[in-house]
Structures are given as C-alpha cells and as structure tokens.
1. With the requirement that a residue be hydroxyl-bearing (Ser, Thr, Tyr) and assigned to a loop (DSSP other than H, G, I, E, B), what does the range 146-156 give you?
2. Output the number of the condition that Gly33 fails; it satisfies all remaining conditions of (1) modelled with pLDDT of 95 or more; (2) in contact with a strand residue (DSSP E or B) (Cβ under 6 Å, 6 or more places away or on another chain); (3) at positive phi.
3. Take the range 124-149 and flag every residue that is open to solvent by less than 80 Å² (accessible area, probe 1.4 Å) and within 24 Å of Arg99 (Cβ to Cβ).
4. In the range 58-109, which residues are over 28 Å from Phe171 (Cα atoms) and among the small types (Gly, Ala, Ser)?
5. Out of Ile182, Ile198, report the one residue that is surrounded by 10 or more Cβ atoms within 10 Å (Cβ to Cβ) and either at pLDDT below 95 or not in a helix (DSSP H, G or I) (or both).
6. Specify the residue that is surrounded by the fewest Cβ atoms within 10 Å (Cβ to Cβ); the eligible residues are those in the range 157-167 that are of a type in the set (A, V, I, L, M, F, W, C) and in a loop (DSSP other than H, G, I, E, B).
7. For the range 53-145, list the strands (runs of 3 or more DSSP E) that sit wholly inside it and hold at least 3 residues that are under 16 Å from the mean Cα position of the chain (by Cα); which are they?
Amino acid sequence: MALIAKEGSGGQTFTPVPPGMHLARCYRIVDCGTQKSEYLGQVKNLHKIMIQFEIHGDDEDGNPIITNKGEPMSISKNFTLSLAEKATLRVDLKNWRGRDFTADELRGFELKNLLGVWAMLSVVRAAGNNGKEYTNISTINPVPKSLKASLPEGHNKAQIFSLDEPDMVLFETFSDFLRAKIESSPEWKSRSYQKEQIASAKSGTSFDDMDSDVPFN
C-alpha cells in the first residue's frame with residue numbers, strides 16, 4: 001500500500017549541516033508509525049513520517065558540505081502525516097511546491113512523488129527542551145529557475161519505507177535510534193504479532209493445537 005498523506009489524517013550524521021540556505025535533494029521518506037507526542041502538556045498519539053535530504057554545496061568558507069567519507073551530508077525533518085490546513089507537512093509542501101493542494105490532492109497525496117525532487121532548505125540551529133543545540137530545517141523552498149539548469153547528480157538512491165510493506169533491507173541501514181522508534185509503534189508491533197501467529201500456525205504450535213485439559217469422553 002502506498003504511503004499517502006490526507007487532509008484528515010537515514011544513516012546518522014555526526015557533524016551537523018551548517019546553518020544557512022542549502023541546495024538539497026529529497027532521497028528518503030520513512031514511515032515511523034504512530035508515536036506519542038507531547039506539546040504544552042497535552043499528549044497525543046500521531047502518525048509520524050521523516051523526510052530526509054542530501055545536501056549539495058559549500059559552507060560559508062567555501063568547503064564542500066560532505067561527510068568524512070566524501071558523501072553529501074544529510075538532514076531530516078519529522079512531520080505528522082496530515083494535510084490538514086495548519087499541519088506543518090501541508091505548510092512546508094505548499095512552500096516547496098509553490099502552490100497549495102487541490103481538492104483532489106487533499107483526498108490523498110502520494111508522498112513518493114517527493115522522492116528525487118530538489119529544494120532549497122533553510123537550516124537553523126536551535127536549543128531543544130533538554131538544553132542541547134540541534135540543527136533543524138526551518139523552511140523548504142523551491143529551487144530558483146536560475147539553478148534548475150545546472151543541478152548536480154543525486155548521490156543516494158531514492159527510497160521510501162512504509163510500515164504497510166516494510167523494506168527490511170532498508171530498515172537495517174537505519175540508525176539504532178530510528179529503528180527503535182519505528183519498533184515502538186503499534187503498527188510495527190501489530191505486524192510482528194501477526195507474523196508470530198502465522199509462524200506458530202505453520203509449526204503446529206499454536207494454542208488451537210494444544211491438548212485440552214478437559215477430555216472429550
């Protein structure tokens with residue numbers, strides 16, 4: 001089943017992407033399942049996704065923004081899977097696309113359409129609730145026409161991870177933190193339980209096959 005946002009509804013980077021406006025390419029979308037979120041004392045269970053970008057360009061000193069392996073650095077942003085009017089996902093995609101969603105798109109927009117699409121990211125540093133400083137994507141903007149004719153080649157394979165049909169090879173490439181986050185979701189736990197039940201049935205060790213304490217005669 002496709003990962004779809006509706007109106008009603010990566011490897012770890014140790015060196016942070018420097019603040020500023022950066023050319024970037026969307027190369028990965030990850031379905032994180034339902035996660036517990038707390039804001040202003042209110043706790044909600046919301047379906048979360050992560051959109052990941054690879055960065056292309058130089059820092060303010062003219063040095064390429066790459067990892068120690070010579071690969072483009074990456075940065076991601078988490079969203080609630082919703083295209084409600086005030087949802088951050090809808091606001092960011094509206095800015096990125098340069099237009100709002102049509103009524104038909106609001107009934108179901110396939111997120112795979114974002115894979116491989118280029119953007120200009122405004123990256124900022126901000127302190128989290130724990131006092132630590134984090135690098136975040138502030139806004140996602142379209143690429144200026146002047147740059148569209150000279151876009152570099154993408155580096156990472158464009159991939160989507162959906163809990164409906166999880167790609168376990170891709171899953172194993174995620175950081176321990178991201179894997180644990182996905183595994184904590186009820187969607188993952190439900191799928192794992194179903195697989196265990198099927199395996200038990202095939203091996204003949206399900207409860208239905210066990211001897212009853214009550215004799216039949």
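The values are calculated or read from the model by the stated rules, or taken from the named source; none is laboratory data. None of these values were measured; they are calculated from a predicted model. All Cβ positions, even for glycine, are placed from backbone atoms using ideal geometry, and neighbour counts span all protein chains on display. Each accessible area value is taken on the protein alone, full model and side chains, heavy atoms only, with ligands, DNA and RNA left out. Shrake-Rupley method; radii C 1.70, N 1.55, O 1.52, S 1.80 Å.
1. Matches in the range 146-156: Ser150 only.
2. It is condition (2) that Gly33 fails.
3. Selection gives Ile137, Ser138, Thr139, Ile140, Asn141, Pro142, Val143, Pro144, Leu147.
4. Gly62, Ala84, Gly98, Ala103, listed by residue number.
5. Ile198
6. That would be Ala158.
7. 74-80, 133-141
Yes or no, residue by residue, for (1) at pLDDT 95 or above; (2) closer than 20 Å to Pro152 by Cα:
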| site | (1), (2) |
| --- | --- |
| Met50 | yes, no |
| Gly57 | no, yes |
| Pro64 | no, yes |
| Lys77 | yes, no |
| Leu93 | yes, no |
| Trp96 | yes, yes |
| Gly116 | yes, yes |
| Ser122 | yes, yes |
| Ile140 | yes, yes |
